[in-house]
């Protein structure tokens, strides 16, 4: 059993935030959030790159000065030539660890230490070990994986720091087509960046007015917010080394502190859940995937108590 | 160009082979393939017989093992690969790297195709799988325009197969958890999307409501034909807009672009539809075979009658046409 205590990481901002909001967010994370790793950079749509690029260097400097380990994110869907060029240049030039979110980045990163993001399909230890041989040092597992798979993969893949999505709307799908632009009367090639109007995603409701999904440009995310809090100790016991918090448009410093308090045993997970609902009231919480159920489900439970303070 | 045809049953398999398929693709009756539906697919013995039947007609057989191995249960996929190799599959269609590595190491002579479920959408990704696992062919996701395909084909060292006819995924294949978000069952893990076990229809105020899990996917007034509630083809409310948020219930049909696809470097056209009956398979395969062999000016008349077989009788060129995005 790995004796190292798990830490928190911050995933990339998946939404289109305007430059100053994005910069201010990372300044505050650098100064106040108890996270060890920060994954930063556009992940969803190559058309958005110019919004944050002017602020990227400063944001990274600030995070590094605060002692955060910076990891550069890559695009989740690479189809255009300019997207391939972008990923190649990023991989070639980056002085930071790069996180692969599609197979092109994975290919280009062979032979050097790199991270693998949750959008790469790692469903078993055979795949994880293959990626480890190619240079992966950390893998954030796909949100769809149940606890039984996480346990099997982590226990059979030494030498990799495994990470699990513990907070945030779950990335569920990505398309070449932009449903977000289309919902607002545009197409992708002339989208006018309307996804920027919805910094926490644009809700998709069923015809019976059930909250269901949310659009984030070409990406579809869950309406519910993944919240693994009562599960943290068991996951730590199984050897998971990092818990990823995916930024939503809420007080992420407060969110990170809640997780930190639970991990350190300073706060009961049930109390933390109540506070989490106050910190991010926009979405109901879910943990169904983790428990082998539909991802939108919320499974209340108490059986982690046995592992209480491991 | 080769015509790659679906078979969900031995009867459909023979129909496809008789109708002029260059290759038929199929899977075992379990979660190792992405059409894991009740009543579909092949036992080991049935596959062996089908392969023998195909060989007599000079038709190839591709076996899809294109789900992702469930952690701790990899043996199910390894055994499926062993059996497919043993009964003489001409190619294995794979999506999982772990399984690709296993097949490449254990059966180095076995021809390996990359499933659309692997989501390989650019030259760097294709070349990675060629170098790492000796992949001979890649099935491209339905996210690329014909111009994108042509550019990609010039930069890769393997054959390219694309979907030409049948159901259309609007999301990048192999990277979609929408189905499991609503039902707990996904293409990647269970080989099913929007599974019938979680589908319910109910009457409500004169409408027929289709549901998947706990969610309403569509409502049909009496005068409208009701469709199957595939999640991404449902009608939803987004802000003030109501409609097909992701994709209309249309089928893919790019047979009008045969010459453009050939010029782009495509070597094989794939027909979706392992869940379809043998009558559908026979009709589609025979017609597309004729269309492939016909002069361009004779094709429209041949293809027009296929539209009647399409889902909702409406068709789209999908991502092959730029404005679809």
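The values are calculated or read from the model by the stated rules, or taken from the named source; none is laboratory data. Owing to the predicted nature of the structure, the values given are computational and were not obtained by experimental measurement. As a convention, Cβ positions derive from the backbone with ideal geometry for all residues, glycine included, and neighbour counts pool all protein chains shown.
Quick rundown of the values:
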{"item": "Residues that are over 30 Å from residue A:232 (Cβ atoms) and either at pLDDT below 95 or within 7 Å of chain B (Cβ to nearest Cβ) (or both), drawn from region A:165-180", "result": "A:175, A:176, A:177, A:178, A:179"}
{"item": "Strands (runs of 3 or more DSSP E) completely within region B:217-293 that count 2 or more residues being free of Cβ contacts under 8 Å to residues at least 40 places away in the same chain", "result": "B:235-238, B:241-244"}
{"item": "Conditions (1) part of a loop (DSSP other than H, G, I, E, B); (2) touching a strand residue (DSSP E or B) at 6+ places or on another chain (Cβ under 7 Å); (3) within 12 Å of chain A (Cβ to nearest Cβ): number failed by residue B:126", "result": "(1)"}
{"item": "Strands (runs of 3 or more DSSP E) contained in region B:46-118 and holding at least 1 residues over 28 Å from residue A:101 (Cβ atoms) and in contact with a helix residue (DSSP H, G or I) (Cβ under 6 Å, 6 or more places away or on another chain)", "result": "B:60-65"}
{"item": "The listed residue being more than 14 Å from chain A (Cβ to nearest Cβ), more than 15 Å from the chain's Cα centre (by Cα) and modelled with pLDDT under 95, out of B:88, B:48, B:39", "result": "B:39"}
{"item": "In region A:185-198, the residues that are more than 21 Å from residue A:13 (Cβ to Cβ) and within 9 Å of chain B (Cβ to nearest Cβ)", "result": "A:185, A:187, A:189"}
{"item": "Residues of region A:45-65 that turn out to be touching a strand residue (DSSP E or B) at 6+ places or on another chain (Cβ under 9 Å) and surrounded by fewer than 19 Cβ atoms within 10 Å (Cβ to Cβ), as a count", "result": "2"}
{"item": "Considering residues of region A:106-116 that are in contact with a strand residue (DSSP E or B) (Cβ under 7 Å, 6 or more places away or on another chain) and within 12 Å of chain B (Cβ to nearest Cβ) only, the residue surrounded by the most Cβ atoms within 10 Å (Cβ to Cβ)", "result": "A:116"}
{"item": "Wholly enclosed strands (runs of 3 or more DSSP E) of region A:197-284 bearing at least 1 residues closer than 19 Å to residue A:144 by Cα and over 17 Å from the mean Cα position of the chain (by Cα)", "result": "A:211-216"}
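Every residue, every condition in (1) outside the structural domain of residue B:30 (by TED's automatic domain parsing); (2) touching a helix residue (DSSP H, G or I) at 6+ places or on another chain (Cβ under 9 Å); (3) within 29 Å of residue B:40 (Cα to Cα), yes or no:
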site: B:233; (1), (2), (3): yes, yes, yes
site: B:238; (1), (2), (3): yes, yes, no
site: B:256; (1), (2), (3): no, yes, no
site: B:279; (1), (2), (3): no, yes, yes
site: B:282; (1), (2), (3): no, yes, yes
site: B:285; (1), (2), (3): no, yes, yes
site: B:295; (1), (2), (3): no, no, no
site: B:301; (1), (2), (3): no, no, no
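Here is a yes/no grid of residues against (1) over 21 Å from residue B:95 (Cα atoms); (2) at pLDDT below 95; (3) more than 9 Å from chain A (Cβ to nearest Cβ):
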residue	(1), (2), (3)
B:160	no, no, yes
B:182	yes, no, no
B:200	yes, no, yes
B:205	yes, yes, yes
